[in-house]
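Below is one structure; the comments refer to it alone.
Each reported figure results from applying straightforward, stated rules to the coordinates on display, with no laboratory input. Worth saying up front: this structure is predicted, and the values here are computed from it rather than measured. Every residue, glycine as well, gets a Cβ built from its backbone with ideal geometry; the counts of neighbours run over all protein chains shown.
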Amino acid sequence: MLNEVIGNIDPDSIESIKNLLPTAVKIGSQIGKNLEPNIKNIIKDKKEKDETLNSIIMYFEKSYEANSYMNTIVFKGTPKFLKELYVPLTIIKTDDHKKNFYLEEKFDLEQIFKNFPKLMIVDKAGMGKSTIVKFLMLTALEKGAPIPISIELRKLTQDIELLDLITSEINFFNGNATKEQIKKLVLDDQFLIFLDGYDEIREKGKVRITEILQKFIKQVPNTYFLLTSRDENVLDSFEGFYRFNIKPLNRIEAFSLLKRYDNSGERSERLINRISNDERFESLKEFLSNPLMVSLLYKTFEYREEIPCKKVVFYDTVFEALFNDHDLTKGGAYIHEKKSNLDICDFKKFVRALSWRTLCMGEFEFTYDELSNVIEVVIMQPLFHNLKATDLIEDLTKNVPIFHREGRIFKWVHKSFMEYFAASYICYDTDTKSKIEILKKMTFDNNAIKKYANLLDFYIDLDVETFSKHIIVPFLSKFLNIYETKYLDPRFKKLDENMLKILKSLESLVSVDFQLEYRNKTQTEFDTSEYFKEKRERKKYSDSNFSHYMRLFDRKTIDVFILETFNDGLLLKLIKDKSLDIYTTYKPKQFTFRELSDKMFFDFEKIFEVNDDITNEIYLYGEIPHVFDSIFMIITLFDNFFEKYFLDFDKCKKFIDDLEEKEESEKAGIAAFLNN
């Protein structure tokens, strides 16, 4: 890993590296000194001991250097100091938002891991997961404890286990320690192991790789772990891990990040003024909350001084900016010549084909030979048959740098760029039949949707009509059919009309269980991931969302546990922000503190299901309106819950009818033209 990361440092940064060396040497020496007593006990041979100790010292020196830099699209792959660009991020415990940590220079790293010795940071593309790993790695190195090791999980295979990677990292500089010796070293000292990018592990053999990974974690029970990933169902199988999300950037933080790209210069000031005065500010909030999108916003503004309003326009404009980037050091008119001699349209077609190929392979990074082989397959198409892989690799890494090189490894500058171009490939370069088959495969179930969520998000913006016709309409038709079968018993007619609508909508999309618990305010932290475990296994829930909320009542803490088991909820979540007129907002009744206390009448420590089965024991607690009044109060008290699942029956029906009417109109127009 180290030779790959520091191998691409720009020559202009050599002076900066020299300034880092004294600190890096000091850190390596100190950690080596801390580990020396245990190394002496573990490795008896003096020569092997000295070589391993020297290798460890060098490892931590180079770790400090490597993690001091980050690549960003704004600077075309030129590494920049992390601390110059880093805006402190906040991680929030998923099931208890009161537990959060602001990750700035002076925060107490050990305090986090004493409370949460194994944690995972799960969030979507571009939120800063890998940046946090680099920042925490630096922090741990500077403090000297716990002893940190960072592993990129995409390097795991069925043949290369986690312990193999850790051993190769520590032995990289001529160390001779065996795997068992390294394992004993990890057991005897307080290590912190960063497991970055679980979602980037190759699909082939991922189940087996996960089993081996979890086995090692259990073998070193006192070791701290931090795992990062996009959301995947299998993450629930990591026992004892506390789940955290990254808090979206607020406006002030986003503007602070923009200023760091030009040292509070004129361009960032103009951009901030434009954003502040833009009437579309609400629609820009999504971009300003995500660090990657903030960087793309700056890059597009740098190129054209415009503010795109769609994510796909961001990515397309960034690509155009990179392709047409003027080298200001050689005069504003100089544009880097492309070795392939492709114009922007054909180069974009090539990148689309390459991205689709790498997506199908499940690969994100390559050696030179591997990337060359992939490109050779892509350029077998007639359009590209005169091209050379060597020329295209130079264009991809230097002239249009959507790949960046880390030593001998070449990888996409960000996984989301591969997903954007793959979505574009499906949209523009496949026939209608293939397009529909691909989209159906990617939305077949919740596991597929989670895997391809970012790509699908791009695709909907590119081709909402095809997606609506072949994915959304069948989804809504299924919803309407289920909706009409729910809550038909005459006893439910006592319910308020709006409440009945939301219950019918809710049960058509998701299954909900909840549980209440009382505990003393002083009770220690417990692992909420164990709750519902037996129920989930018994029900064989393959996809669910577990939430835990706390509220203080009458000097006691009430814990509310909610388990949402999705039917098609993830597809609904995917289209939620696409401005489709199929939703109706619902504002639950507000309760006073006295009313809240009075309505906490359900038995504690029992698990209740919310459904229309009239024999459900939940209806033994009182009249049906009273029961649902209480359920609504409990759930909405802790989460903006119903808003996620309230589809409007009439609007959904109209959406389908309008689409069918439009299709018939288009057919009639084409027929009229052909018969003219």
Exercise. State which entries of Lys99/Lys184; Lys40/Lys206; Lys155/Lys184 exceed 30 angstrom in Cα-Cα distance in the structure shown.
Key: Lys99/Lys184; Lys40/Lys206
Quiz prompt | Taking Asp96, Asp496 and counting other C-beta atoms within 10 Å, the order from fewest to most | solution = Asp496, Asp96
Practice problem: Return the distance in nm (one decimal) between the two label points of a simple spin-label model at Asp496 and Tyr303, each offset 7 Å from Cα along Cα→Cβ. | Solution: 5.0
Quiz item: So how much slack lies between Val313 and Lys654, counting 0.36 nm per residue of separation and subtracting their Cα-Cα distance, in nm?
Solution: 119.8 nm
Quiz item: What does a probe at Thr23 reach in region 58-85, counting residues whose amide N is under 13 Å from the point 7 Å along Cα→Cβ?
Solution: 64-70, 81-85
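Give me the extension gain from Arg274 to Lys124: residue separation times 0.36 nm, minus the current Cα-Cα distance, reported in nm with one decimal.
Extra length available between Arg274 and Lys124 comes to 51.3 nm.
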Quiz item: Using the Karplus equation 6.51 cos²θ - 1.76 cosθ + 1.60 (θ = phi - 60°), what ³J(HN,Hα) coupling, rounded to whole Hz, does each residue of region 437-450 give in order, writing x for Gly and Pro?
Solution: 4, 5, 5, 5, 5, 6, 10, 4, 8, 5, 4, 5, 4, 4
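How high is the relative contact order of region 319-459, in percent, with contacts defined as C-alpha pairs under 8 Å that are six or more residues apart? Before the final figure, lay out each step's value.
Working: 141 pairs, mean separation 33.3, N = 141.
Rounded, it is 24 percent for region 319-459.
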Self-check item: Unsatisfied cross-links (Cα-Cα over 24 Å) in the set Lys83/Lys118; Lys451/Lys662; Lys47/Lys183; Lys259/Lys450; Lys183/Lys218; Lys62/Lys143
Solution: Lys83/Lys118; Lys451/Lys662; Lys259/Lys450
Exercise. Give me the distance between the Cα centres of region 105-165 and region 335-384, rounded to whole Å.
Key: 33
